[in-house]
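What follows is a set of notes on a single structure, which appears directly below.
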Amino acid sequence: MDYLDQLEAEAIAILREVAGQFEKPALLFSGGKDSITLVKLAEKAFRPGKFPFPLVHIDTGHNFPETIEFRDKLVAQLGEKLIVGYVQDSIDQGKVIEQTGKNASRNALQTVTLLDTILEGKFDACIGGARRDEEKARAKERIFSVRDEFGQWDPKRQRPELWNIYNGKIHKGENVRVFPISNWTELDVWNYIKRENIELPSVYFAHERDVIMRNGQWMAASEYLNMDEEDIIIRKKVRFRTVGDMTCTAAVESDKDQIDDIILEISQSKISERGARMDDKVSEAAMEDRKKGGYF
């Protein structure tokens, strides 16, 4: 079997395990390439039937407009249910305080919105597109990752997953974060996208965009960035390797607008995919700290 077939079969089996073991699962959908890949895998796992879970998007309000447009288009094509949790609602309710300053971002605030959405939907499992190759904290996490009643992750309380046996037993109030493509790499995802002819938001492909240099990285110039006279807007041809909040997701200079060229570019890159995420540079253990607090 081709290695992509093996990865696909494993992911489909995990999705079906979720459907079999949990009462109210959900698929966390960001509009990024990994969650789009999960949707494709879910189609293979459950079509011609409906998905046994809704899609859930935690909207910071500072997303790339191309991503939101793509999300709505895809959901309409699928005919599946979309639930959106808004960070703005958490701010309005006084549950979180919006950051201030030049590098202010809503990215960290979405943890509260996510936990509230899980509680409101009574979801006992949340499927996501995190992969072990992305970041060292994610490399430590199991495919079935149990969170306590406060949504917190304890790296010392992980369950063994011998012989691909997944234990989804949880107590009331707990939930499980499930990562069907945990064993995939960034290149695996792109090769699968190419093989399956999966459509992606245009931000993943090289395009001209107004950008500013911020902390050594090219950030998309937008109304969400707190800019001052030091920020000089210039026009560059860029693309994004990962898609998140516009205030913490940097672009890479590139003229690659075809999948084959992007695959070659990634294979030659010496910078990790999340090397362009400002939120991971807050501290040495930034991702792990966020995950312990309930972040996906």
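Taken over segment 174-184, the criterion of being in a loop (DSSP other than H, G, I, E, B) and either outside the structural domain of LYS136 (by TED's automatic domain parsing) or in contact with a helix residue (DSSP H, G or I) (Cβ under 9 Å, 6 or more places away or on another chain) (or both) is satisfied by PHE179, PRO180, ILE181, SER182, ASN183, TRP184.
Which residues, taken from segment 16-34, are in contact (Cβ under 8 Å) with a residue 60 or more places away in the chain and open to solvent by less than 10 Å² (accessible area, probe 1.4 Å)?
Keep residues of segment 16-34 that are in contact (Cβ under 8 Å) with a residue 60 or more places away in the chain, which gives 17-18, 21-28, 30-34.
If the condition is that a residue be in contact (Cβ under 8 Å) with a residue 60 or more places away in the chain and open to solvent by less than 10 Å² (accessible area, probe 1.4 Å), then VAL18, PRO25, ALA26, LEU27, GLY31, GLY32, LYS33 are the ones that fit.
Each residue in segment 247-295 was checked for being open to solvent by less than 30 Å² (accessible area, probe 1.4 Å) and at pLDDT 60 or above, and 11 of them qualify. GLN268 meets each of the listed conditions (1) out of contact with any Phe, Trp or Tyr (no Cβ under 8 Å at 6 or more places or on another chain); (2) in contact (Cβ under 8 Å) with a residue 60 or more places away in the chain; (3) closer than 22 Å to ARG195 by Cα apart from (2). The number of residues in segment 200-246 that are open to solvent by less than 40 Å² (accessible area, probe 1.4 Å), outside any strand (DSSP E or B) and in contact with a helix residue (DSSP H, G or I) (Cβ under 7 Å, 6 or more places away or on another chain) comes to 9.
Can you confirm whether LYS237 is in the same structural domain as ILE118 (by TED's automatic domain parsing), over 21 Å from the mean Cα position of the chain (by Cα) and farther than 28 Å from ASP5 by Cα? Answer is no for this residue. When each of ARG106, ARG138, ARG131 is tested for being over 28 Å from ASN183 (Cβ atoms), outside the structural domain of THR249 (by TED's automatic domain parsing), at pLDDT below 95 and surrounded by 15 or more Cβ atoms within 10 Å (Cβ to Cβ), the lone residue that passes is ARG106.
For segment 189-199, name all the residues that are open to solvent by 20 Å² or more (accessible area, probe 1.4 Å) and part of a helix (DSSP H, G or I). Passing the criteria: ASN191, LYS194, ARG195, GLU196. Does segment 37-49 contain at least one residue that is assigned by TED's automatic domain parsing to the domain that holds LEU82, touching a His at 6+ places or on another chain (Cβ under 9 Å) and open to solvent by less than 40 Å² (accessible area, probe 1.4 Å)? No, every residue in segment 37-49 fails to be assigned by TED's automatic domain parsing to the domain that holds LEU82, touching a His at 6+ places or on another chain (Cβ under 9 Å) and open to solvent by less than 40 Å² (accessible area, probe 1.4 Å).
The values are calculated or read from the model by the stated rules, or taken from the named source; none is laboratory data. It should be emphasised that the depicted structure is a prediction, and the values quoted were computed from it without experimental measurement. Every residue, glycine as well, gets a Cβ built from its backbone with ideal geometry; the counts of neighbours run over all protein chains shown. The protein model used for the area step is the full one, side chains on, heavy atoms only, and it has no ligands, DNA or RNA in it. Shrake-Rupley method; radii C 1.70, N 1.55, O 1.52, S 1.80 Å.
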